[in-house]
1. Of the residues VAL84, VAL42, which single one is among the β-branched types (Val, Ile, Thr) and in contact (Cβ under 8 Å) with a residue 60 or more places away in the chain?
2. Can you tell me which residue in segment 18-39 is surrounded by the fewest Cβ atoms within 10 Å (Cβ to Cβ), limited to those that are touching a residue at least 24 places away in the same chain (Cβ under 8 Å) and within 19 Å of TYR69 (Cα to Cα)?
3. Restricting to segment 67-84, and then to whatever is loosely packed, with under 15 Cβ neighbours inside 10 Å and of a type in the set (Ser, Thr, Tyr), can you tell me which residue is nearest to LYS110 (Cα to Cα)?
4. Of ILE90, ILE117, which residue is among the β-branched types (Val, Ile, Thr), touching a Phe, Trp or Tyr at 6+ places or on another chain (Cβ under 9 Å) and within 18 Å of GLY28 (Cβ to Cβ)?
5. How many of the residues making up segment 95-128 are of a type in the set (Gly, Ala, Ser), under 21 Å from PHE62 (Cβ atoms) and in contact with a strand residue (DSSP E or B) (Cβ under 7 Å, 6 or more places away or on another chain)?
6. Mind checking whether some residue in segment 30-47 is at pLDDT 95 or above, among the charged types (D, E, K, R), more than 20 Å from PRO125 (Cα to Cα) and in a helix (DSSP H, G or I)?
Amino acid sequence: MTQQTAEADIRALIDAWANAVRRHDYAGVLAHHDQGIVMFDVPPPLQSRGLDEYRKTWDLFFRYHKPSYAFDIDDIAITAGNDVGFAVAIMRCGPPEATFQFRLTIGLRKIDGDWRIMHEHHSVPATD
């Protein structure tokens, strides 16, 4: 597999994840996450370990995010090797009148031929 193919596969996976978030499709959101996922998030909990805890974080998000709201990738950079990859992105989220940007970092491993998200990190710049 070429680096270009790996990067394209990861981009397609992230696009599918973002699309699933926009539709509030839990199965799609979780589809490529590993059972041992570790996520760092902006709202509590600060850290989620495992797919069950990761899924619960979306309950809170979906309470405030409506399917018509933005959850869009503004900028993304992907680096991938044969079995490890990561992506960094600036994303936009929220209703049309009040979208905000946040940072996304995803770490992936290729397991049994499929890319799996092992780590996900959402953040916003600190304010004074």
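1. On inspection, the qualifying residue turns out to be VAL42.
2. Per the stated criteria, the residue is ARG23.
3. THR79
4. Unique residue meeting the criteria: ILE117.
5. 1
6. No: zero hits.
The values are calculated or read from the model by the stated rules, or taken from the named source; none is laboratory data. All of these numbers come straight from a predicted model, not from anything done at the bench. Positions of Cβ are backbone-derived with ideal geometry, glycine not excepted, and every protein chain shown enters the neighbour counts.
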